[in-house]
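Written below as structure tokens is the structure these notes are about.
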Amino acid sequence: MMSARVRQAPTTEAAASDAAQFILQILRAAVEKRGSASIALSGGSSPKALFSRLAAAKFDWNGVHFFWVDERAVPPGDADSNYRLARELLLEPARIPHRQIHRIQAELEPEEAARRYLAEMRSFFGLSAADLPHFDVVHLGVGPDGHTASLFPDGPLLADRSGIAAAVYVEKLKSWRITLLPGVLLAAGQIVFFAPGEEKREILQRIWGPEYNPARWPAQLIDREGKNVAWFADRAAAEGIADC
Ligand code: 6PG
């Protein structure tokens with residue numbers, strides 16, 4: 001049985017379209033209420049369909065500010081850059097002004113990139129020392145190993161509820177990442193997981209299953225503890241999986 005928080009569409013395209021509409025509604029409401037909205041984007045390959053849908057929507061992007069959930073330690077023009085993916089598929093096609101884009105400067109040394117990103121968020125959200133930023137929308141993906149953001153299985157950051165962003169060395173990828181920390185993901189007004197495709201099926205079964213083991217499947221922590229969590233998946237990923 002599917003719960004209301006899991007929305008399953010017949011195809012990836014349809015799931016992307018549903019997720020895009022859902023996200024845009026939240027952003028529109030935030031802009032109407034406060035004059036601005038914030039979204040943190042993930043990277044990887046599955047966001048492509050979602051970003052294209054968002055870019056194609058007739059939407060007034062005025063006041064919508066873009067941040068990143070995580071970034072690979074590469075320059076902004078690199079093929080692996082999460083910023084580049086969003087720039088090519090969403091920010092440029094939707095003509096988002098520069099001042100609304102708050103990328104992670106991952107061409108710098110990772111600790112320094114994390115410090116600058118933290119300073120950028122502090123200033124944008126007007127945070128005092130102990131505050132966490134509250135994004136209107138945090139978009140997440142999930143890796144086949146259960147990672148989300150750059151919170152990997154048995155990684156060192158999962159228990160950190162008060163930090164905002166950190167650099168982390170991911171042993172299995174032999175590379176550095178800069179990532180938002182769990183407290184920030186959990187503080188989001190809305191968490192939107194977009195996880196289409198057959199290769200997500202097994203991990204969704206785990207994450208939604210009866211065994212709670214967030215150290216092994218970090219996405220499970222965000223799923224179970226987030227305030228408002230919505231999943232968008234296609235039939236290939238989610239059909240027939242019991243969501244608890
Ligand atoms: C990244 C991400 C990451 C992603 C998952 C899923 O930089 O890799 O932000 O956390 O969401 O790895 O990625 P796919 O969509 O490629 O499976």
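Remarks
- All lysines inside 30 Å of residue 227 as judged from Cα atoms, apart from same-chain residues fewer than 8 positions distant: 33, 48, 58, 200
- Contact order relative to length of the chain, as percent, for alpha carbon pairs under 8 angstrom and 6 or more apart: 25
- Stokes-Einstein diffusion coefficient of the stretch 64-137, Kirkwood radius over Cα pairs, 4 °C, 1.567 mPa s, in µm²/s: 99
- The relative contact order of the stretch 44-139 comes to 27 percent, based on Cα pairs under 8 Å that sit 6 or more residues apart.
- For the stretch 1-91: relative contact order, % (alpha-carbon pairs under 8 angstrom, 6 or more apart): 28
- In this structure the chain gives 44 Å² per residue of accessible area when probed at 1.4 Å with all protein chains present.
- When the Cα gyration tensor is reduced to axis lengths a ≥ b ≥ c, the ratio a/c is 1.5 or higher for the stretch 1-105, and with a/b not above b/c it is classed as oblate.
- Cα gyration tensor category, rounded, prolate or oblate, for the chain with a/c compared to 1.5: rounded
- Distance between the C-alpha centres of the stretch 1-75 and the stretch 208-244: 18 Å, rounded to the whole angstrom.
- Sorting the segments 124-132, 78-86, 171-179 by their mean number of nearby beta carbons within 10 angstrom, highest to lowest, gives 78-86, 171-179, 124-132.
- Within the chain, DSSP assigns beta bridges of which about 35% are antiparallel (rounded to the nearest 5).
- The loop-placed trypsin sites (Lys or Arg not before Pro) in the stretch 182-236, going by DSSP, that have at most 12 neighbouring Cβ atoms within 10 Å of their Cβ come out as 227.
- For the stretch 113-220: rounded, prolate or oblate by the Cα gyration tensor [a/c cutoff 1.5]: prolate
The values are calculated or read from the model by the stated rules, or taken from the named source; none is laboratory data. Computed from a predicted structure; not experimentally measured. Backbone-built Cβ (ideal geometry, glycine too); neighbour counts: all protein chains shown. Side chains included, ligands, DNA and RNA excluded: accessible areas come from the protein's heavy atoms. Shrake-Rupley method; radii C 1.70, N 1.55, O 1.52, S 1.80 Å.
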